[in-house]
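Okay, so here's the structure we're looking at.
Just so it is clear, none of the values below were taken in a lab; they were calculated from the coordinates. Computed from a prediction, not measured in an experiment: that's the story for all the values here. Glycine gets a Cβ as well: all are built from the backbone with ideal geometry, and neighbour counts include every protein chain shown.
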Amino acid sequence: MIKGLNYKFLILLSTVLACTILAFFVGFIKNETIVYTHFFYVPILLAGVWYRKKAVFIALFLCFVYILVTLFSPHAELYVHIFERSAIFVAVAYVIGLVSEKRAKGEEKLKETKEYLDNIITSSADAIVVVDMDGIVRSWNRAAEDYMGYSAKEVIGTSNKNFFADPGEAEKIMRIVQREGELKNYRTTVLNKDKKPVHISMSAALLKDRNGVPVGTVRVSRDITKEVELEEKIKEERDNLNQILESMDDGVYIVSKDYKVEFMNKVLIDALGYHVGDICYKAFHNRDEPCPRCKNTEVMKGKTVRWEWYSRRNNKTYDLFETPMRNINGTISKLTIFRDISDRKRMEDDLKDAEERYRVIFEHALTALCVIEDGEVVSVANKEFETLSGYSREEIKGKKWIDFIADQDRDRVQNYCVERRKGEAPACCEFKFVSSNGEIKHVNAWIEPIPGADSCIASLLDVTELKRKEDELRETCEKLAELDKMKRDFLNVAYHEMRSPLAPIVGYASMLERCELPDKGKKYLYNIEHSARELEKLINRMLELARIDGKKIELSLEGVYIPEVVAEVVKDIEPEAREKKQVISMAVQEVEIQADRQKIVAIFSNLISNAIKYTPEGGKIDIVVEDRGEDIRAYVADTGIGITEEHLPKIFERFYMVDTSLTRKSGSLGLGLSIVKEYVKLHGGKVWATSEIGKGSKFFFIMPKRQ
Amino acid sequence: MEEKKRILIVEDAAYMRDMLVEMLEQEEGSYEVVGFAVNGKEAVEKYKELKPDIVTMDLVMEVMDGIQAIRGIKKYDPNALIIAISALGTPEYKDAALDAGADEYLWKPFTINNLFEALERLLRKREG
C-alpha cells in the first residue's frame, strides 16, 4: 500500500513536474509569454483518478506555480486569465475527484456483497447445490458436505441422480423446476455416503443467463429426517387416539377453528350420520351461524370446558367435555366428548322426588324416628321424636343415642344394636326411654341398619300407656283365671258332694222296690226315683259344663250310626212324652258319622227333652236328620210356645232363661242348649234356631261327617 | 251250696257302709261282709289281715285315697278282686281306677241291681 502510494505519488510528482516544464517550455520555445496551461490537466486527471478529491490540492499547487510565474512576467494584462484558469483547474480537479470517488465506492460495495454471499452459502445450515441442465453438480456447500458425507471435490462434476433413493426423482425435480420456474418444500429422500436415507425438504429455482436461457438450478435442501420421524410418531399416536375415540361409548368429535367437522367417532356417526367436512352448526343444529352457547372460541384460546347441554330435539341431557387439541400443522381444533346423562339425570330427579316423599313420610310418621350414625350419635329426628324426647330438633341433633336410654337398659340396647347390624337380632327391642325432664317412657324400638352406611334408623313407639293397660289386663286375667279355677274346683267338689247323698236315695229306693208295698207306696217310690234321676241329670250337666270351661274335653271318635242313637235316646225319654200325650215322629236317614258317641247322645237327648218340656200336652215333636254328603243336618221341631226374636240369639248361652216362671215350671237351669252348642262346636259344626211365637220352634245343627 | 264270698267294704261315709251291708244282706246266701275300712291305709292293712274275696273301694277318702289303696292291694295280691265305687263320674277317674287295678267301676248313685250285676260280672270274669 505504501509502496503503491509511493509509486503513484512519484508518477504524479513527475507528471506535475513534466507538465509544468512542458507548459513553460512550449511558451518559451514559441517565445510567447503565454503558459500552456492545458498540460496541467494531465496531473489533475491522474490525481483525480488516484486520490480523488485530494486532486484539488494538486490543482491549487499548480495554480500557485502558474500565478507565481506569471507575477514575475511583464505581461500584467494576463492577470485576469491567471485567476480564471486557476478557478477552472480547481473545479475540474474537484469534479474528477468526485466522480472517481463515487466509482470506487460502488466497486467496494460489490466486493463486500460478494464476500458476504459466499459466507452465507458456505456457512448455511441448509445444503445449497447448483446443478446444471444436464444434472451435473456444479456447486456443493459445506452443509451439503455435512449431511451427505461427500466433499465438494468428490461430487462436483458428477450426476446428481446418484444421490436420490429413487433415481427418478432427479428428473422429476428438474421437470417441475423447468415448468414452474421454482420448487417449494418438496419432500424427498436421498442417500448419504453411508447409503443411509436422509429425509430432506427441497426448494429449488431456475438459473438463467443474461439472455434468459436456463443454465441450471439452484437447490436449497434441509435435513428433516428428525421431523419426519417425529411426524410418523405423531401420526401413529394420532391413529391410536382415533382408535380409542372410535371405540368409546361416549360421542367424540373434533371441529376446526372455523367449525368444520374433522372427526366423528362411530357412536356419533351411528346417531347423527356422517358429517365429516361439514360445518357443525349447519349439520347438527340446522343454523346459519354458530350456536349461541358454543364454546369454540373459548377452547381455541386454550381453555378446557365442561358443561351440560340439554337437547330439546331428542329430550336428552349431555355432559360435554371440550378441550383444545393441537394438530400436526400447528392449528388448534376442538375435541368434544359428550356423554348421554339423561338416564342419570332422570334418576337424580326421581331420587330427589323419592327423597322428598320419604322425608314427608319420615317427618309425619306416627312413630318417633331418628337416624343413628356409627351407632352413637343421633343425626336426624322427626316431629314425633321431638314429642317423645321433649327436646327440640336442634338439641337432638348430635346428642348421644345412649343418653336416651335408661341406665339399666343401656348395655342391653347397645348389644342389641350391634347384633342388629350383624342381622342376628330380632327386629324389635323394648327398653326404657329417658326424655328431657327425666321421665321414663317404655318404648318398643325397631332398629334397622341402613344398607351401605354405618348408620341405622331407629323407630320408637311409646308403649307406656299400652304397657300400663297390658299390666292391668294381665292382672285381671290372672285374677279371672284364678276365679275360674276356683269355680271349676268348687264345681268338681260340689258335683261329688251332691252325688254322694243321691247314692243312698237311689240305693234304698231300689231296695224298696223288692219289698211288698201298697199301691200308694209304689207310686210314692216311683216319684222318689224319678226325682232322683232328674236331680242326677242336672248334676251331670253341671259337671259337663265345668269340664267344657276347663277345656278338658277330648273327643273319643268312633263310627256313630245316627238312627241307632236317635232311637236309643227316644226310647229313654219316650215315657215323659207319653205322659204329656205328645207324638214323636222321626225322619232319620241312615247315616254313620265319625264322632264321640256319648256327645252325640247328649246332643239329641238335650234337644228332645227340651222339646218335650216346652211343648204343651198333646203337642207334636219332629226329629229329622238329613245326609248331605259332606255333613249331616238335623233338627228337632216342636209345637211349643215359641221364642221371641229378641231371645233367639241368646238361648244357646249358658244359664240363659227365656222366662223365669216358665223355667220354674219346667225345672231347667238353661244348661241343655249350652251343652248342645259346645258339643256341636267340638265336632266342627254349628247350631241355630228358628221360632214362631205360639206355633213352635226348630233347633238345627249341622256337623261334618269326618273329623 | 257254694261258699259265701267274703267282702271287705272300704268307705269313709257311715251311711254308705250301712247301705252296702243292707244290700248285700239281700243275698245272704252268696255274700258275707267280713270287715270295714274307712281309708286307703286301713284298707290295705285289713286286706292283708282278712284276705277277703272281694273289696268294694270308695275313691275319695282321707289319709290314703282309693286309687293308692287299689295299687297297694294289687301289689300285695295281684289276684284280688276290687270294685271301685265313686261319685266321681268323669272318664279320667274311671280310667285311673281301672289302670290302678280295679276290676269294676260302679258309679254313685247305683241301684241294688247295679251292685249285684257288677259283682256277678266280677265273679264270672274270675271263673272265666
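Given R₀ = 41 Å, FRET efficiency for A:N415-A:K487 by Cβ-Cβ distance, to 0.05? Can you show the working numbers first?
Details: r = 45 Å, r/R0 = 1.11.
Given R0 = 41 Å and the Cβ-Cβ separation, E is 0.35.
Over all residues in B:103-109, what is the mean tally of Cβ atoms on other chains that come within 10 Å of each residue's Cβ? All intermediate terms of the calculation are to be shown ahead of the outcome.
Numbers: counts 0, 0, 0, 1, 3, 10, 15.
The mean count of partner-chain Cβ atoms within 10 Å per residue comes to 4.
Specify the angular offset, from 0 to 90 degrees and rounded to the nearest 10, of the alpha carbon long axis of helix A:464-513 from the longest principal axis of the alpha carbons in chain A.
Rounded to the nearest ten degrees, it is 20.
Fewest to most neighbouring Cβ within 10 Å: what's the order for A:I269, B:I112? Write down the numbers at each step before the final one.
On the way: A:I269 15, B:I112 22.
Placing the least packed residue first, the sequence is A:I269, B:I112.
Over the protein assembly as shown, consider all pairs of different Cα atoms and compute the Kirkwood hydrodynamic radius from their mean reciprocal separation; express it in Å, one decimal.
Numbers: mean 1/r = 0.0220 Å⁻¹.
Over the protein assembly as shown, the inverse of the mean reciprocal pair distance is 45.4 Å.
Suppose only helical runs count, i.e. DSSP H with n ≥ 4. What mean residue ellipticity at 222 nm does that imply for chain A under -39500 (n - 2.57) per run, divided by all residues and rounded to the nearest 500 deg cm²/dmol?
Details: 21 runs with 353 residues, N = 707.
So the helix-based figure for chain A works out to -16500 deg cm²/dmol.
For chain A, what's the relative contact order in percent, using C-alpha pairs closer than 8 Å and at least 6 residues apart?
Numbers: 1061 pairs, mean separation 32.0, N = 707.
Relative contact order of chain A: 5 percent.
Can you list the cysteines of chain A that have no other Cys Cβ under 4.7 Å away?
A:C19, A:C63, A:C280, A:C370, A:C417, A:C428, A:C429, A:C456, A:C477, A:C515
Could you work out the mean count of beta carbons from other protein chains within 10 Å of each residue's beta carbon in B:14-23?
On the way: counts 0, 6, 5, 0, 2, 6, 2, 0, 4, 4.
For peptide B:14-23, the averaged partner shielding equals 3.
Among the listed pairs B:K41/B:K108; A:K109/A:K208; A:K522/B:K4; A:K487/B:K46, which are separated by more than 26 Å between their Cα atoms?
Values: B:K41/B:K108 22 Å; A:K109/A:K208 24 Å; A:K522/B:K4 32 Å; A:K487/B:K46 37 Å.
Flagged as over cut-off: A:K522/B:K4; A:K487/B:K46.
Using a simple spin-label model with points 7 Å from Cα along the Cα→Cβ vector, what separation in nm is obtained for A:N314 and A:N329?
3.1 nm
Can you return the lysines within cross-link range of A:K282? Criterion is Cα-Cα under 19 Å, with same-chain partners fewer than 8 residues away left out.
A:K257, A:K260, A:K295, A:K334
Arrange the following residues from fewest to most other Cβ atoms within 10 Å of their Cβ: A:D134, A:D409, A:D278. Provide the component values of the computation, followed by the final result.
Details: A:D134 10, A:D409 19, A:D278 16.
Ranking A:D134, A:D409, A:D278 by Cβ neighbours within 10 Å, fewest first, gives A:D134, A:D278, A:D409.
Grab the Cα-Cα distance for A:A453 and A:I553, subtract it from 0.36 nm times how many residues apart they are, and report the gain in nm with one decimal.
Values: separation 100, 0.36 × 100 = 36.00 nm, distance 5.66 nm.
Extra length available between A:A453 and A:I553 comes to 30.3 nm.
Tell me, what is the percent relative contact order of the stretch A:264-414, built from C-alpha pairs under 8 Å that lie six or more residues apart? Can you show the working numbers first?
Details: 174 pairs, mean separation 15.5, N = 151.
It rounds to 10 percent for the stretch A:264-414.
Measuring from label point to label point, each 7 Å out along Cα→Cβ, what is the A:D239 to A:K260 span in nm?
Spacing of the two 7 Å Cα→Cβ label points: 2.4 nm.
Taking the alpha-carbon distance from A:K102 and a cut-off under 22 Å, which lysines remain once sequence neighbours fewer than 8 residues away in the same chain are dropped?
Here the lysines satisfying the reach criterion relative to A:K102 are A:K8, A:K53, A:K54, A:K111, A:K114.
Relative to the longest principal Cα axis of chain A, at what angle does helix A:79-123 sit, 0 to 90 degrees, rounded to 10?
So the inclination is approximately 40 degrees.
Between A:K571 and B:K48, what FRET efficiency follows from the Cβ-Cβ distance if R0 is 51 Å, with the result rounded to 0.05?
Numbers: r = 47 Å, r/R0 = 0.93.
So the FRET efficiency works out to roughly 0.60.
Excluding residues fewer than 8 places away in the same chain, name every one of the lysines whose C-alpha is closer than 27 Å to that of A:K432.
A:K383, A:K397, A:K399, A:K400, A:K422, A:K441, A:K467, A:K469
Just subtract the alpha-carbon distance of A:V49 and A:S585 from 0.36 nm times their residue separation and send over the number in nm, one decimal. Walk me through the numbers on the way to the answer.
Values: separation 536, 0.36 × 536 = 192.96 nm, distance 18.20 nm.
Between A:V49 and A:S585, full extension yields an extra 174.8 nm.
Could you please rank A:S609, A:S203, placing first whichever residue has the fewest other Cβ atoms within 10 Å of its Cβ? Before the final figure, lay out each step's value.
On the way: A:S609 20, A:S203 16.
The order, fewest Cβ neighbours first, is A:S203, A:S609.
Report the calculated FRET efficiency for A:K469 and A:D249 (r = Cβ-Cβ distance, R0 = 51 Å), to the nearest 0.05. Intermediate results must be reported in sequence, preceding the final value.
Numbers: r = 64 Å, r/R0 = 1.25.
Calculated transfer efficiency: 0.20.
How high is the relative contact order of the stretch A:365-455, given as a whole-number percent (alpha carbon pairs under 8 Å, six or more residues apart)?
Values: 142 pairs, mean separation 22.4, N = 91.
With pairs under 8 Å counted, the relative contact order is 25 percent.
Extending each Cα 7 Å along its Cβ direction at A:E182 and B:K41, get the distance between those two points in nm, one decimal.
Between A:E182 and B:K41, the label points sit 15.0 nm apart.
Let me have the 222 nm mean residue ellipticity of chain B computed from DSSP H runs of 4+ only, each contributing -39500 (n - 2.57), with the sum over all residues rounded to the nearest 500. Show your work: numbers first, answer last.
Numbers: 5 runs with 60 residues, N = 128.
One gets -14500 deg cm²/dmol as the mean residue ellipticity at 222 nm.
Quick one: angle between helix A:562-579 and the longest Cα principal axis of chain A, in degrees between 0 and 90, rounded to 10, please.
In chain A, helix A:562-579 runs at an angle near 40 degrees to the longest axis.
Grab the Cα-Cα distance for A:E115 and A:E298, subtract it from 0.36 nm times how many residues apart they are, and report the gain in nm with one decimal. Please report the intermediate quantities before stating the final value.
Details: separation 183, 0.36 × 183 = 65.88 nm, distance 5.19 nm.
Length difference between fully extended and current span is 60.7 nm.
Counting Lys and Arg as +1 and Asp and Glu as -1, what is the net charge of the other residues whose Cβ lies under 15 Å from the Cβ of A:V463? Don't skip to the end; give the middle numbers.
Numbers: positive: A:K432, A:K441, A:K467, A:R468, A:K469, A:R474; negative: A:E384, A:D409, A:E430, A:E439, A:D462, A:E465, A:E470, A:D471, A:E472.
Net charge in that neighbourhood comes out at -3.
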